[in-house]
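Below is one structure, written out as structure tokens; the observations come after it.
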Amino acid sequence: MGKKGFILCVCQGTCPSFTKMDIFAVLSDVRREKIFDYVCLHPQLCVGDGEEFLKVLLSGGETDKLYIAACDPQMQSKMFRDAFEAVSFDKANHIPLDIRNKTTEEAVAAIKELAANNP
Ligand code: SF4
């Protein structure tokens, strides 16, 4: 069975939208819950090397669903479309979440809810 992956993208860690949360605490809590098969942090998925990261990550075909907590879901769809198309990753299996302006607890709760609603 394919794996469920989770990426937290944080606008280089300098954007005011991410100052309320402890990004490593968010990742640690999510790991502890074992909601996903793997989790990772990326500083800026929407630039060239971020697109490259997505292509490398998904090119083996082992990831069934990719949950991305970052900015606006519609923006995510547009920004990651080329990378998904390049490796034939079905965009329907990209599950986006807007994680901005949340505290650590709010972010973890939102991620859990996202996963529960999109098994
Ligand atoms: S994908 Fe969204 S959250 Fe990530 S760096 Fe780009 S704008 Fe920021």
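Before moving on, here are some points about what is shown:
- Within segment 108-119, restricting attention to residues that are out of contact with any Asp or Glu (no Cβ under 9 Å at 6 or more places or on another chain) and in contact (Cβ under 8 Å) with a residue 40 or more places away in the chain, the residue that is nearest to V26 (Cα to Cα) is L114.
- Members of segment 4-17 that are buried (at least 19 other Cβ atoms within 10 Å of the Cβ) and either aliphatic (A, V, I, L, M) or more than 8 Å from the ligand (Cβ to nearest atom) (or both): K4, G5, F6, I7, L8, V10
- Residue identified as modelled with pLDDT of 95 or more, more than 12 Å from the chain's Cα centre (by Cα), charged (D, E, K, R) and assigned to a strand (DSSP E or B) among D49, D64, D29, D82: D64
- Any pair with Cβ under 9 angstrom, 6 or more apart, that starts in segment 9-26 at a residue that is free of Cβ contacts under 8 Å to residues at least 12 places away in the same chain and ends at one that is within 8 Å of the ligand (Cβ to nearest atom) and in a helix (DSSP H, G or I): none
- When restricted to residues that are in contact with a Phe, Trp or Tyr (Cβ under 6 Å, 6 or more places away or on another chain) and part of a helix (DSSP H, G or I), segment 85-100 contains 1.
- Only one of the numbered conditions (1) of a type outside the set (F, W, Y); (2) more than 21 Å from L27 (Cα to Cα); (3) within 12 Å of the ligand (Cβ to nearest atom) is not met by E85, and that is (3).
- If you filter segment 24-52 down to residues that are under 19 Å from I111 (Cβ atoms) and near the ligand (Cβ under 9 Å from one of its atoms), you find that the one that is surrounded by the fewest Cβ atoms within 10 Å (Cβ to Cβ) is P43.
- For segment 88-100, the condition holds for no residue, the condition being that it is away from the ligand (no atom under 16 Å from the Cβ) and under 16 Å from R31 (Cβ atoms).
- Number of the exception - K55 against (1) more than 16 Å from the ligand (Cβ to nearest atom); (2) part of a helix (DSSP H, G or I): (1)
The values are calculated or read from the model by the stated rules, or taken from the named source; none is laboratory data. Quantities reported herein were computed from a predicted structural model and do not represent experimental measurements. For neighbour counting, all protein chains shown are included, and Cβ atoms are generated from backbone atoms with ideal geometry for every residue, glycine included.
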